[in-house]
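The values are calculated or read from the model by the stated rules, or taken from the named source; none is laboratory data. Note that the structure is predicted; figures quoted are calculated from it, not measured. Positions of Cβ are backbone-derived with ideal geometry, glycine not excepted, and every protein chain shown enters the neighbour counts.
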Amino acid sequence: MIAEILIEKIEGASSEEKVENVANILQNEDITEIVVLENGRYIHMLREIDIMSSLKNRISEITTEREGYFAYEEEHFLKSLHKMHVNDLSMLPVVDKNMTYLGALRKESVLDYLCEQYAVSESDSIIIIEQGIRDYSLATISRIVEEEGGKVLGVFIGTAKGSKEKIWVSLTIQTTSLNKTVASLERHEYQIIAHMSAEENQTIIKERYESLMTFLNV
């Protein structure tokens, strides 16, 4: 899964480590959270503020409610990204089924991967459709696109603005006639929110990320 691609060997700290030493690790690794380990196994995670504001001498003396902030190595990257987003984390520990610490996912790395996966080449176009979530059928949409000589290369789904009953379906397509494809979809009563040729599509990257965050929080 995604952890095998994005996992980074970010240093953790022993539960018996001195608070002063852990503060130095945070600075050297340029991170705002640190994983606390016991014999190589994940125990919990501490934020920088937990450490810097503590008057304790050892990490084991600092209490936390963040034991559940981790991802299993086989977990999908969207689930990991959701955990980082809703809990305001810059990184997420990755463990195996025995809770052995394997490394961590950085939010920046996951977002870079996300952008690469949904990047659009110079020859591709984008169509955004709004419809009721119960009416969504990728097979039907693909058939309409293919009838006009196009191919659906990618699909991104997010919640429509102001409605939990509707979705935005962002299609990355390869076609020689974007206007014909749009017209065909409209004849089948699809509501086209926007369509962009290859030259226009770079402005949508930020909106796609924001739509994803909204979708994950539903």
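Here are the numbers for the structure shown:
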quantity	calculated
Meets criteria (at pLDDT below 80, touching a helix residue (DSSP H, G or I) at 6+ places or on another chain (Cβ under 6 Å) and not assigned by TED's automatic domain parsing to the domain that holds V182) for V110	yes
S163 vs. criteria among the hydroxyl-bearing types (S, T, Y), without any contact (Cβ under 8 Å) to a residue 60 or more places away in the chain and part of a strand (DSSP E or B)	no
Residue pairs meeting the criteria (Cβ under 6 Å; at least 6 apart or on separate chains; first more than 18 Å from R47 (Cα to Cα), in the stretch 93-109; second hydrophobic (A, V, I, L, M, F, W, C) and part of a strand (DSSP E or B))	L102/V94
Residue within the stretch 151-161 that is in the same structural domain as L185 (by TED's automatic domain parsing), at pLDDT 90 or above and either out of contact with any Phe, Trp or Tyr (no Cβ under 6 Å at 6 or more places or on another chain) or surrounded by fewer than 16 Cβ atoms within 10 Å (Cβ to Cβ) (or both) present	yes
Whichever residue in the stretch 68-111 is assigned to a helix (DSSP H, G or I) and polar (S, T, N, Q) and, among such residues, is surrounded by the most Cβ atoms within 10 Å (Cβ to Cβ)	S80
Residues satisfying the stated conditions in the stretch 24-39, i.e. surrounded by 12 or more Cβ atoms within 10 Å (Cβ to Cβ) and in a loop (DSSP other than H, G, I, E, B)	I31, T32
Neighbours by Cβ (under 6 Å, 6+ apart or cross-chain): first from the stretch 65-82, within 13 Å of M99 (Cα to Cα) and among the hydrophobic types (A, V, I, L, M, F, W, C); second surrounded by 15 or more Cβ atoms within 10 Å (Cβ to Cβ) and at pLDDT 75 or above	F70/Y42; F70/P93; F70/V95; A71/S80; A71/L92; A71/V94
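Yes or no, residue by residue, for (1) at pLDDT below 80; (2) outside the structural domain of Q191 (by TED's automatic domain parsing):
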{"position": "I59", "(1), (2)": "no, yes"}
{"position": "R66", "(1), (2)": "yes, yes"}
{"position": "E73", "(1), (2)": "no, yes"}
{"position": "N87", "(1), (2)": "no, yes"}
{"position": "Q131", "(1), (2)": "no, no"}
{"position": "D135", "(1), (2)": "no, no"}
